[in-house]
Amino acid sequence: MSIYCVQTLVDVSDNGNLNQTFPFKTKSGYLVHDKETLAIAKNQQQNFNTLVQSLQLRSNISWKQHPITTDIVTGNTRFGKVYEGKHKVWTFIFFTDQNDVYADVDGPTGAGDKDLDLIPIVSFCKETATFPKNTFLTQDDDTRNTFILKVKEDEEDLDARDIVQEVLAEYED
């Protein structure tokens, strides 16, 4: 089993079932109380579904939790140079049964990054960044809004690890 992490400035909140009576909270914890907030929740879910389906071009994936949202200063990250300052970042940890399924000559996630590049998204959900194109952008160092990392795999029990915190801790240095 391989562990990967997608980090994106695109709102990929996994909201689950949205066919409920107002007001209600989504799986990601957002309050839906009218038509406008429902439309945003649907767009967020469409972005999540697009991300998952794009990742599954090479292998079936599984995950234990929905994407986590954090505020990160993007200066020392792989995000594009045009996204200065603090932004909301969605971190999604997932697993594949096949080893190195996203690897190519550009690295352990090069093929996955290429698969995601220019896949359409719905913008203006809860993002704090504005993108030059309404797509996942993975190849341009100036405008990159999404990238995949391969998570270091140790022999310890995966259930005991907080992989999201391990990934986010790299930004605190």
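The values are calculated or read from the model by the stated rules, or taken from the named source; none is laboratory data. If you're wondering where the values come from, they're calculated on a predicted model, not measured in any experiment. With ideal geometry, Cβ positions are generated from the backbone for all residues, glycine too; neighbour counts draw on all protein chains shown.
Things to note:
- For Thr37, the stated conditions hold: it is surrounded by fewer than 18 Cβ atoms within 10 Å (Cβ to Cβ), over 11 Å from the mean Cα position of the chain (by Cα) and farther than 22 Å from Gly110 by Cβ.
- A count restricted to region 126-147 and to residues that are in a loop (DSSP other than H, G, I, E, B) and either polar (S, T, N, Q) or within 16 Å of the chain's Cα centre (by Cα) (or both) stands at 14.
- Within region 121-173, the residues that satisfy the criterion of being at pLDDT 95 or above and of a type in the set (Ser, Thr, Tyr) are Ser123, Thr128, Thr130, Thr135, Thr138, Thr143, Thr146.
- Test: Lys42 is in contact (Cβ under 8 Å) with a residue 12 or more places away in the chain, assigned to a helix (DSSP H, G or I) and surrounded by fewer than 17 Cβ atoms within 10 Å (Cβ to Cβ): yes
- Residue selected from region 66-99 under the condition basic (Lys, Arg) and in a loop (DSSP other than H, G, I, E, B), by the criterion farthest from the chain's Cα centre (by Cα): Lys81
- Scope region 82-97; condition surrounded by fewer than 20 Cβ atoms within 10 Å (Cβ to Cβ) and under 16 Å from Thr128 (Cβ atoms); matching residues: Val82, Glu84, Gly85, Lys86, His87, Lys88
- Qualifying residue in region 53-63 (condition: touching a residue at least 60 places away in the same chain (Cβ under 8 Å) and either more than 25 Å from Asp104 (Cβ to Cβ) or over 17 Å from the mean Cα position of the chain (by Cα) (or both)): no
- Residue selection: Thr91 fails the criterion of being among the hydroxyl-bearing types (Ser, Thr, Tyr), at pLDDT 95 or above and more than 16 Å from Asp113 (Cα to Cα).
- Of all the criteria given as (1) in contact with a helix residue (DSSP H, G or I) (Cβ under 8 Å, 6 or more places away or on another chain); (2) part of a loop (DSSP other than H, G, I, E, B), the one not satisfied by Lys27 is (1).
- Consider region 100-125 and keep the residues that are in a loop (DSSP other than H, G, I, E, B) and touching a helix residue (DSSP H, G or I) at 6+ places or on another chain (Cβ under 7 Å). The one that is surrounded by the fewest Cβ atoms within 10 Å (Cβ to Cβ) is Ala103.
- Selected residue (criterion: surrounded by the fewest Cβ atoms within 10 Å (Cβ to Cβ)) from residues of region 9-27 that are β-branched (Val, Ile, Thr) and under 29 Å from Arg144 (Cβ atoms): Thr26
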